[in-house]
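To start, the structure itself, in structure tokens.
The values are calculated or read from the model by the stated rules, or taken from the named source; none is laboratory data. Computed from a predicted structure; not experimentally measured. For neighbour counting, all protein chains shown are included, and Cβ atoms are generated from backbone atoms with ideal geometry for every residue, glycine included.
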Amino acid sequence: MRHVSVGALALVLMAISACSGSDDSSGKKPEDKLVGAIGVQLSETALFQGPKRTLMIGGQAGEGVPLVQGRDALFRAYYSTNADYDGEAVLATLDLLDGQPPIEKALILGPGSSDADLGSTINFEIPGSRIKETFQYSLSMVQFDNGRGDNQFARFAQQVAVAGKPNKLRILIVPYAYNADGSGRVPDTSEEQVERYRERFRSLYPVSDVEVSVHAPVPWSSPIQPNGYGWQEVGLNLFGIRGSEGIPPDTYLYGVFNPTASIGQFCGGGCLLGVTLLNDNPPDEGSVSLRLALGVGFPQVALNTAAHEIGHAHGRRHANCGPGLEPQSIDSQYPHANGRIGDWGYDITNGDLHDPAVATDIMSYCDNQFISGYNYTSLFARGQNVNSPKIIGAPADYWIVASDGLGSTRWQKTRFAGIPSGQEVEVTVDTSSASGLVSKAWYTPYDHLDGGWLFLPASVGEITRIEHAAGGARQVLRR
């Protein structure tokens, strides 16, 4: 497919303008009439706000990921040509039937279209402001009438429901000033880096927009080690910030730190890049109190680590790709082998096309990361619920018993509103005044560590011992 020069395009548009009157009054010749281009078959249309959403294929309605109001998109028209196509310029017009001018392109068509070649399809960039409650369009590929008649297969019109209301992903980056080595080192939270975070989230998450703000640096003097030791304490601190500073319910907190001067120093013998509690219960929106995550801020991995860990805070498990995954953290329902994304994807922030034979999901441990339709759809459902106002309920007091699987256990009493996230389990508790009490509790595992947080009502009393099998093996923890 070859685009016509600007001058040729101007001539085509002048001809269209000249043909705008009726046949009887305009004085135009019959051969000046625009008709569907002969020898051209419109075979498919698709909208890319991330993963491919087929709108039409073979004249029938397509399917795919949900569409989101207010989110930028690329519209791709797929076609084929046969020997009847004369090789002359075709005017492709996309009218969104929204009262705004249609989008037009004059071009010479090739033999046909494929997903793999952006240059083989007719592409229209659509600003999010033009994607509303329904996506209604009329597409035509026309030429001047050469006496061979009109080709209806070069036209198509359709109305598609847009499932997603306008919404915004809000992230508060909380940088930790690392003082365990006396450096006071703070990861990059400059305006330029914050914009990189924002664009990476906007490329992957099915939202209309992304808002990223930065908290004042938090001094931190305890070691944070590559094997996960010390991460739990930072997580509890971040949890406390959420509860004490009146963070809005729909905001995700992301704690970030650099325990060494470089990623090479930190990861030379293997390392964790992030740790998050799997916030998957209640499944439709998760727990407000656990909308938080941790990760390193080394520039080589900062953006993808943040997107991955906030994915866990949305309740997403790992796509099974790469070594080092805890079995309980793997999503057994993930539908594509080796963490592949499963369908073509397009990055609305930079125009990159992502091949399903190469690209892997952001929730995997592999390279060339984008987002699968499977996780995009799940993130869509969670995001729509998070942005909807909810009556959370009155605050209540809970014990948090946090164990990282490395021998570190922390006991903390806290107050928060809503039901704790996690699997409901039964625990046996000894207190300062009674033993063998049976209580209901909730267990939320870590994504990359053995262990997790156990929530139980503080009404049981002052705990001295707890026994549970929430993580699989039975554990006895003493305070």
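Residues that are part of a loop (DSSP other than H, G, I, E, B) and β-branched (Val, Ile, Thr) were ranked within region 326-382; the one that is surrounded by the fewest Cβ atoms within 10 Å (Cβ to Cβ) is Val358.
When every residue of region 293-306 is checked against the conditions, at least one turns out to be of a type in the set (Gly, Ala, Ser) and out of contact with any helix residue (DSSP H, G or I) (no Cβ under 8 Å at 6 or more places or on another chain).
Conditions (1) part of a loop (DSSP other than H, G, I, E, B); (2) touching a helix residue (DSSP H, G or I) at 6+ places or on another chain (Cβ under 6 Å); (3) over 18 Å from Gly373 (Cβ atoms), marked per residue:
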position	(1), (2), (3)
Lys52	no, no, no
Arg71	yes, yes, no
Tyr85	yes, no, yes
Tyr137	no, no, yes
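For region 358-385, the tally of residues that are acidic (Asp, Glu) and either in contact with a Gly (Cβ under 6 Å, 6 or more places away or on another chain) or over 15 Å from Asn304 (Cα atoms) (or both) stands at 1. Restricting attention to region 391-439 and to residues that are of a type in the set (Asp, Glu) and either assigned by TED's automatic domain parsing to the domain that holds Leu272 or exposed (fewer than 15 other Cβ atoms within 10 Å of the Cβ) (or both), the residue that is nearest to Val288 (Cα to Cα) turns out to be Asp397. Residue count for region 30-47, restricted to those that are in contact with an Asp or Glu (Cβ under 9 Å, 6 or more places away or on another chain), of a type in the set (A, V, I, L, M, F, W, C) and either assigned to a strand (DSSP E or B) or farther than 19 Å from Ser120 by Cβ (or both): 5.
Inspect all residues belonging to region 75-82 and state whether any of them is surrounded by fewer than 19 Cβ atoms within 10 Å (Cβ to Cβ), in the same structural domain as Gly147 (by TED's automatic domain parsing) and either of a type outside the set (Phe, Trp, Tyr) or within 29 Å of Pro166 (Cβ to Cβ) (or both). Yes - at least one qualifying residue is present in region 75-82. Restricting attention to region 177-205, the residues that are of a type in the set (S, T, N, Q), assigned to a loop (DSSP other than H, G, I, E, B) and either in the same structural domain as Gly50 (by TED's automatic domain parsing) or under 30 Å from Gly351 (Cβ atoms) (or both) total 2. When you scan region 127-140, do you find a residue that is surrounded by fewer than 16 Cβ atoms within 10 Å (Cβ to Cβ), at positive phi, assigned by TED's automatic domain parsing to the domain that holds Thr45 and out of contact with any Lys or Arg (no Cβ under 8 Å at 6 or more places or on another chain), even just one? No, that holds for no residue.
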